[in-house]
Amino acid sequence: MARIVKRGHGPMKAFRSRTSSWLTWLGAIIAAALVAPGCGGSSASSSSVQVWGRVTYNGKPVRYGALVFQPAATNGSNWGVGLISEEGKYTLVSSEKDVGLETGRFEIFIKPPSPHDKLKHGRSGEEEESDERAIAIAASYPVPKRFFSPETSGLWVDLEKELTRVDVDLRD
């Protein structure tokens, strides 16, 4: 069971995820990862969707990984990806550089951290510790695999052109 809390915005309705190809979402994650780190301000329209929130599993913060918002419309190409912090917080960025996230329905799933991901500590000389820590986090990732795919997660949200906090509370 999972619950999505969209604060301050219209009612949620039940929805089943549609299928999507593995390569499409992988491409969106890679594109977002290339755009997200180290880039300054975005020239995206001020009317684009701005989303942030927190991801929890059984009430505890999910640490690391990425929260992916996939457009439910089959012709939608503008994905949202939020890198999950150690505290379980994320801020969504558009997968398309200089284009804001559009409104509409999005299916949500989690991309767990890979053992090859490097975790940044902000201190120098800790690369070996970072590698070992990344492998340990990936091996013990607490989220059930059903939340790793839009076909099985059962998570979705309707986004509008306004600031929106979307908290995702995953449960067994």
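For Lys97, indicate whether it is surrounded by 12 or more Cβ atoms within 10 Å (Cβ to Cβ) and at pLDDT below 80. It is true that Lys97 is surrounded by 12 or more Cβ atoms within 10 Å (Cβ to Cβ) and at pLDDT below 80.
Among residues of the stretch 80-99 being touching a residue at least 40 places away in the same chain (Cβ under 8 Å) and in a loop (DSSP other than H, G, I, E, B), the one that is nearest to Arg54 (Cα to Cα) is Leu92. Screening Gly125 against (1) modelled with pLDDT under 90; (2) within 18 Å of the chain's Cα centre (by Cα) leaves a single unmet condition, (2). Within the stretch 146-166, the residues that satisfy the criterion of being at pLDDT 90 or above and open to solvent by 20 Å² or more (accessible area, probe 1.4 Å) are Arg146, Phe148, Ser149, Glu151, Thr152, Gly154, Asp158, Arg165.
The values are calculated or read from the model by the stated rules, or taken from the named source; none is laboratory data. Everything quoted here is computed from the prediction, not taken from an experiment. Heads up, the Cβs are rebuilt from the backbone with ideal geometry, glycines too, and the neighbour counts pull from every protein chain shown. Heads up: the accessible areas ignore ligands, DNA and RNA and are worked out on the full protein's heavy atoms, side chains in. Shrake-Rupley method; radii C 1.70, N 1.55, O 1.52, S 1.80 Å.
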